[in-house]
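What follows is a single structure, written as structure tokens, with notes after it.
The values are calculated or read from the model by the stated rules, or taken from the named source; none is laboratory data. Since the structure is predicted, the reported quantities are computational estimates derived from the model, not experimental observations. Heads up, the Cβs are rebuilt from the backbone with ideal geometry, glycines too, and the neighbour counts pull from every protein chain shown. To get the accessible areas, we keep the full protein, side chains included, count just its heavy atoms, and leave off ligands, DNA and RNA. Shrake-Rupley method; radii C 1.70, N 1.55, O 1.52, S 1.80 Å.
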Amino acid sequence: MKKTKRTLLTILMMALVVSIFAGCAKNDAAPGGTTTDTATGKDLVLGFAQIGMESGWRGAETDSIKETFAPGSGFELKFSDGQQKQENQIKAIRTFIAQKVDAIGLAPIVESGWETVLQEAKDAGIPVFLLDRGITAGNEDLYTSFIGSDFIAEGENVAKWLINEVGTGKTANIVELEGTVGASAANDRKKGFDDAIKAEPGFKITKSQTAEFTLAKGKEVMESFLKADKTIDVVYAHNDDMALGAIQAIEEAGLKPGTDILVLSIDGVKGAFEAIKEGKLNVTQECNPLLGPQLKQAILDVKAGKALDKWIKSDEDIYFGQKAIDALPDRKY
Ligand code: GYE
């Protein structure tokens, strides 16, 4: 019995070694950074399951992916727009698996509900890269790397800016425009901000509601907040598009955004920098959407057999006042 087990194990190990070598020979990264399949001379195929087109940030991320994986890049890109539905993203991943793509990129609209489909990709031996948003903790073995920002830190940075601006020991009546329900970017930006604001007992979050990361909803929800409450001092939006919508609502209510009501947000899209220049937005915490090159590098590294960090973080800054005005001409998105 013992002997049979040992023989079986030896056969399995040998099969593993053979398949690893075969894998390396098939997808070696060519020098100079392009990654054609050396055995066939064909481009590597990336299937990318995008969320949709809810914000300026999302548009910049999509452009970055399409530019990075354009013809001539050594890749063929299969791009799917999930139109804000997880079920569409799951369908797209299943199609990519059936097409035997070389790698899958996924920007998960919500954190939960990915176990089954990601297990299917894993069983098919296709590496999955999460881009910009994360999935529920405990599922780290279902993907190769997460490439994106520290959303908790982003929320904290905005809260710290506010405390510094208003001053400690003061009071502030804050309303919050949340991103898509269940999205890691919304959950963590809320957690980071709400926790940090607790340091100031006089700072209260009086209302908090989703506006789905869109300008139109940001305006609509802010209008309802303004109708119900005449004492709002601050609006914290989980992204720039919602903040820009809130600015319109504040102006239409006859108030001055940036002065009567402080407006704080996250992303760092051009429109936000322009709003800071006009004095209507007070601060934007940068969140880098130009993730295409980092994704390409990660795929190249995996194909070259390198071990990757589980979380590949992007470098980001916080912008307000003159610093934002000076940076505006160089903003790429
Ligand atoms: O902040 C927002 C968007 O997931 C980080 O999604 C991303 C967020 C971004 O639509 O504008």
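Treating only the Cβ atoms of Lys and Arg (+1) and Asp and Glu (-1) as charged, compute the dipole magnitude of the chain about its Cα centre; round to the nearest 20 debye. Write out the running numbers ahead of the final one.
Numbers: 39 positive and 49 negative charges, 266 e Å.
Taking the Cα centre of the chain as origin, the dipole is about 1280 debye.
Which value, in debye to the nearest 20, describes the size of the charge dipole of segment 151-287 about its Cα centre when Lys and Arg Cβ atoms bear +1, Asp and Glu Cβ atoms bear -1, and nothing else is charged?
Working: 16 positive and 23 negative charges, 59 e Å.
Result for segment 151-287 is approximately 280 debye, rounded to the nearest 20.
Between segment 230-294 and segment 74-141, what is the separation of their alpha carbon centroids in Å?
31
Only loop residues by DSSP count here, and only those with at most 15 other Cβ atoms within 10 Å; note down the GluC sites (Glu not before Pro) in segment 236-299 that meet that.
Details: sites: 251, 252, 274, 278, 286; in loops: 278.
Passing sites in segment 236-299 are 278.
Which of the lysines could a cross-linker bridge to residue 66, judged by Cα under 18 Å and excluding same-chain residues fewer than eight apart?
78, 296, 332
Evaluate Rg over Rh across segment 79-148, taking Cα atoms for both radii and Kirkwood's formula for Rh.
Details: Rg = 10.8 Å, Rh = 11.9 Å.
Looking at segment 79-148, the ratio lands at 0.91.
Would you mind telling me the antiparallel percentage of the DSSP bridges in segment 151-287, rounded to 5?
Close to 0 percent.
What is the projected area of the convex hull of the Cα atoms of segment 219-333, averaged over all directions, in nm²? Could the numbers behind the result be given before it?
Details: hull surface 34.4 nm².
The orientation-averaged projected area of the Cα hull of segment 219-333 comes to 8.6 nm².
Run the dipole for segment 139-223 about the Cα centre, Lys and Arg Cβ at +1, Asp and Glu Cβ at -1, nothing else charged, and hand back the magnitude in debye, nearest 20.
Working: 10 positive and 15 negative charges, 82 e Å.
Roughly 400 debye, rounded to the nearest 20.
Might you tell me the accessible area per residue for the chain, computed with a 1.4 Å probe and given in Å²? Show your work: numbers first, answer last.
Values: 15540 Å² over 333 residues.
Dividing the accessible area of the chain by its residue count gives 47 Å².
Starting from one equal scatterer on each C-alpha and no solvent at all, send me the Debye-based log10 I(q)/I(0) for the chain at q = 0.09, 0.11, 0.14 Å⁻¹, two decimals.
With no solvent term, the Cα-only Debye profile gives -0.54, -0.74, -1.05.
Which percent, nearest 5, of DSSP beta bridges in the chain are antiparallel?
Numbers: 3 of 42 bridges.
If I count the DSSP bridges inside the chain, around 5 percent turn out antiparallel.
Using the charge dipole of segment 151-287 (Lys, Arg: +1 at Cβ; Asp, Glu: -1 at Cβ; taken about the Cα centre), state which of 238, 285, 161 has its Cα farthest towards the positive end.
Checking the options against the dipole of segment 151-287, the answer is 161.
Go through segment 222-277 and name the trypsin sites (Lys or Arg not before Pro) that are in a DSSP coil and have 10 or fewer other Cβ atoms within 10 Å of their Cβ. Each step should come with its number before you reach the end.
Working: sites: 227, 230, 270, 277; in loops: 230.
Within segment 222-277, the qualifying trypsin sites (Lys or Arg not before Pro) (loop, at most 10 other Cβ atoms within 10 Å) are 230.
For segment 151-287, rounded, prolate or oblate, judged on the Cα gyration tensor with a ≥ b ≥ c (square roots of eigenvalues), a/c < 1.5 rounded, else prolate if a/b > b/c?
Numbers: a/c = 1.25, a/b = 1.08, b/c = 1.16.
Rounded, because the longest to shortest axis ratio a/c is under 1.5.
For the chain, what relative contact order do you get, as a whole percent, if you take Cα pairs closer than 8 Å and at least 6 residues apart? Write down the numbers at each step before the final one.
Values: 660 pairs, mean separation 53.9, N = 333.
Rounded, it is 16 percent for the chain.
Given springs between every Cα pair under 10 Å in a Gaussian network model of the chain, which of 52, 169, 155 has the largest fluctuation?
Taking springs between Cα atoms under 10 Å, the residue moving most is 169.
How high is the relative contact order of segment 151-287? Use alpha-carbon pairs under 8 Å, at least six apart in sequence, and give a whole percent. The partial results should precede the final answer.
On the way: 290 pairs, mean separation 32.9, N = 137.
Answer for segment 151-287 is 24 percent.
Could you list the residues of segment 258-286 with an amide nitrogen less than 16 Å from a label point located 7 Å from the Cα of residue 230 in the Cα-to-C-beta direction?
Zone members listed by number: 261.
So for segment 84-138, taking the charge dipole from beta-carbon charges (+1 Lys/Arg, -1 Asp/Glu), which of 117, 95, 106 sits furthest toward the positive end?
Positive-end residue among those listed: 95.
Mind checking the full-extension length gain between residue 123 and residue 320? Use 0.36 nm per residue of separation minus the Cα-Cα distance, one decimal, nm.
Details: separation 197, 0.36 × 197 = 70.92 nm, distance 4.71 nm.
Length difference between fully extended and current span is 66.2 nm.
Can you give the helix-only mean residue ellipticity at 222 nm for the chain, where every DSSP H stretch with n ≥ 4 adds -39500 (n - 2.57) and the sum goes over all residues, rounded to the nearest 500 deg cm²/dmol? Provide the component values of the computation, followed by the final result.
On the way: 11 runs with 144 residues, N = 333.
-13500 deg cm²/dmol, from helical runs alone.
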